[in-house]
Structures are given as structure tokens and as C-alpha cells.
2 protein chains.
Amino acid sequence: MREMAGSPGTWSGLSLRVGQLLFAAASVCATASAIGFAAYTAFCYLIASMGLQALWSLGLACLDCYALRFKKDLHSAVLLSLFVVGDWVIAILSFAASCSAAGVVVLFDRDIRDPLLPCGRFELATACAFLSWAFSATSALVMFWLLASL
Amino acid sequence: MREMAGSPGTWSGLSLRVGQLLFAAASVCATASAIGFAAYTAFCYLIASMGLQALWSLGLACLDCYALRFKKDLHSAVLLSLFVVGDWVIAILSFAASCSAAGVVVLFDRDIRDPLLPCGRFELATACAFLSWAFSATSALVMFWLLASL
């Protein structure tokens, strides 16, 4: 079971966490660098959700590094339950934030077409949020599978 | 297993399907009755997604009625796999459509505050879409559980 790709305390699990962290941080930076983002609730929620995603992934990446360095096993039922609940909650929040930001980006880009709006930054932020969610959903599915097969 | 709430071919399963169908139809009607909805991609996507949800739920409600009338068992592995895949795809599409519509509704209602926009109708449509998604997610989880415990 320890060899399953993406399980906690392995190099593949660590790379999933680093992917989530990098794309979530890129999404936060792209949104925060767009002028006037604070006037739109969807992008404020995107920043909050991606910040939470980045913090959670950073914590679990540190835990993976610790497990790899000291060869610890992270497959206990209590730890896996914690990872499953956390990953599913974070993945659902990230998906909701990405979809609402995508709705607003499509509105700005295709329906309103106002050249003053910084659509490029918002598009980049939304794309990074979806990529971060894809890594997060992979982690959540792997954790659920591991917990179910305990 | 047949007694599990929400499983196919039972009264509880049928009531879940009827709930999905009613709220999806209410969402489509509320969106279609809002003036100028076709100018917004998010609401066109909401109508498409809720239409698909209503068709799927209507089909499965008819199947549930048939199974209840003729006392058929719908718990074969092939049928359950079909229900799981269909329910999960439809539930994810519904959630994405509801979130993107909610992002646009919040933008209209709190950020832009244009009194000419029919926000009430759009809010009602989004609320119905979320309720339909909640029933759909319940069905998807029950089907997944039934397939896993076969």
C-alpha cells in the first residue's frame, strides 16, 4: 500500500502537495496583482480559498518531508481520516471558488467586453486555481482510496 | 441492502429523483423568465446544466416507478455502475453551473448594484440549482456506497 502513487509520506505525495501549493500561490499572486480586484466578491473569495489551500498544502508538504527524512509511516487510520476530511473540504471550497471566478471572468471577457478590466490577470488566476484544484482532487481521491482499503 | 435510504427502485430513491427534477425545472423556469438572461454565458450554462439534470432525473424517476410497479431489483453491478458514473458527472456539472451562476449573481447584487438587472429571478434560479445539486449529490453518494458494498 505504501507504494501507491500520491499516498502521504512518499515522493509522489510530496510532489502533489508542492503542485497544489505552487498553483495556489500563483493564483493568489495573479489575483492580488490585478488592479481593483477587491471590488469583486468572487475574487476576494478566490484569494481566501487559495490562501487556505496553500496553507493546508504547505503543512502537509512539511509533514511529507518529515516522513521521508525520518522514514515515518503516515498510514494510520486517524491520520488518514484527518487527511481525507481536510482534503475533501479544501477541494470542494477550491472548486467552488474556481467556478465562481470563472463565471465572473467569462462575464467580463465575453459578455461585457470592457477593455478597462484586467481580464488577463483574472484568467491566469482562475486557470491556476483550477490546476491547484486538480492536484487537490487527486490527493483527496488517493486519501479516500487508502482509507477505504485500510 | 435494498432497504438503504435513497437506493434505486425504492420510494426514497424516487423522492430524491423527484426533488432533483422539480428544483432543476424550477431553476430553468426562473432563469428563462428573467429578461435578458441570454446575454450572460453563466446563465445559459445554468439552463443547459439544469436541463440535463432534469432529463437524467426524469429518466431515473421513470425507472424507479417501473421497478416499484413490477417489483424489479435495480442492484446489479452494471446498472449501479451506470448510475454512479451518470450521477457523479451530472452532480459535478450542476455544482460548477451553480457556483458560476452564484459568482455572477453576487457580482450583480453586491458589487455592481444595477437596479435594471433582474437579480431576484437569478437568485431564485441559483438557489433552486443548489437545492437540485444537493439532492443529486445525495443520490451520487448513495449509489457510490451501494456499488462499493456489492
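The values are calculated or read from the model by the stated rules, or taken from the named source; none is laboratory data. Quantities reported herein were computed from a predicted structural model and do not represent experimental measurements. Heads up, the Cβs are rebuilt from the backbone with ideal geometry, glycines too, and the neighbour counts pull from every protein chain shown. Calculation scope for accessible area: heavy atoms of the full protein, side chains included, ligands and nucleic acids excluded. Shrake-Rupley method; radii C 1.70, N 1.55, O 1.52, S 1.80 Å.
Relative contact order of the stretch B:91-150, please, whole-number percent, based on alpha carbon pairs below 8 angstrom and at least 6 residues apart. Could the numbers behind the result be given before it?
On the way: 22 pairs, mean separation 27.8, N = 60.
RCO, the stretch B:91-150: 46 percent.
A plus B alone minus the pair: what accessible area, both sides summed, probe 1.4 Å, in Å² to 100? Write out the running numbers ahead of the final one.
Details: alone 7840 and 7830 Å², together 14370 Å².
What A and B bury together is about 1300 Å².
Could you work out, residue by residue across B:108-115, how many beta carbons of other chains sit within 10 Å of that residue's beta carbon, and then give the average as an integer?
Numbers: counts 1, 1, 2, 7, 3, 0, 0, 0.
Across B:108-115, the average partner-chain Cβ count within 10 Å equals 2.
Using mean Cβ contacts within 10 Å as the protection proxy, how do B:67-77, A:7-17, B:121-131 order, highest first? The partial results should precede the final answer.
Working: B:67-77: 12.1, A:7-17: 19.7, B:121-131: 21.7.
Ranked from most to least packed, the peptides come out as B:121-131, A:7-17, B:67-77.
By a straight-distance test (C-alpha under 12 Å), which aspartates and glutamates pair with A:Lys72 as possible cross-link partners, with residues fewer than eight away in the same chain excluded?
A:Asp64
How large is the dipole of the protein assembly as shown about the Cα centre if only Lys and Arg carry +1 and Asp and Glu carry -1, each at its Cβ, rounded to the nearest 20 debye? Provide the component values of the computation, followed by the final result.
Numbers: 16 positive and 16 negative charges, 83 e Å.
With Lys and Arg at +1 and Asp and Glu at -1, about 400 debye.
Nothing charged except the Cβ atoms of Lys and Arg (+1) and of Asp and Glu (-1): what's the magnitude of the dipole of the stretch A:11-148 about its Cα centre? Round to the nearest 20 debye. Walk me through the intermediate numbers first.
Values: 7 positive and 7 negative charges, 66 e Å.
With Lys and Arg at +1 and Asp and Glu at -1, about 320 debye.
Cα centroid distance between the stretch B:110-128 and the stretch A:115-150, in Å?
The stretch B:110-128 and the stretch A:115-150 have Cα centres separated by 28 Å.
Probe radius 1.4 Å, ligands and nucleic acids ignored: give me the carbon and sulfur share of the accessible area of the stretch A:20-150 as a rounded percent. Before the final figure, lay out the partial values.
Working: 4730 of 6260 Å².
Whole-percent figure for carbon plus sulfur exposure: 76.
Which of rounded, prolate or oblate describes the protein assembly as shown when judged by the alpha-carbon gyration tensor and an a/c cut-off of 1.5? Walk me through the intermediate numbers first.
On the way: a/c = 2.86, a/b = 1.00, b/c = 2.86.
It comes out oblate by the Cα gyration axes.
Give the aspartates and glutamates whose C-alpha is closer than 18 Å to that of B:Lys71, dropping any in the same chain fewer than 8 places away, or say none.
B:Glu3
Take peptide A:36-43, look around each residue's Cβ out to 10 angstrom, count Cβ atoms belonging to other protein chains, and average those counts. It would help to have the intermediate numbers written out before the result.
Values: counts 0, 0, 0, 3, 6, 7, 8, 3.
Average neighbour count from other chains, rounded to a whole number: 3.
Using alpha carbons only, how many degrees (0 to 90, rounded to 10) separate the axis of helix A:77-106 from the longest principal axis of chain A?
10 degrees
If you take each beta carbon of peptide A:92-101 and count the beta carbons of other chains within 10 angstrom, what is the mean?
Numbers: counts 1, 0, 0, 4, 7, 2, 4, 10, 12, 3.
Mean partner-chain Cβ count within 10 Å for A:92-101: 4.
Work through the residues other than A:Asp87 whose Cβ is under 14 Å from its Cβ and net out their charges, Lys, Arg +1 and Asp, Glu -1. Show your work: numbers first, answer last.
Values: positive: A:Arg17; negative: A:Asp64.
After counting each charged neighbour, the total is 0.
Below 8 Å between Cα atoms, with a sequence gap of 6+, how large is the relative contact order for the stretch B:27-150 in percent?
About 40 percent, as a whole number.
Leaving ligands, DNA and RNA out of it, work out the accessible area of A:Tyr66 with a 1.4 Å probe and give it in Å² to the nearest 10.
110 Å²
Can you pull the Kirkwood radius for chain A, inverse mean 1/r over Cα pairs, to one decimal in Å? Working shown, then result.
Working: mean 1/r = 0.0629 Å⁻¹.
One over the average 1/r among Cα pairs gives 15.9 Å for chain A.
Which Cα, out of B:Ser33, B:Leu14, B:Leu131, lies furthest along the positive dipole direction of chain B (beta carbon charges, K/R +1, D/E -1)?
Selected residue: B:Leu14.
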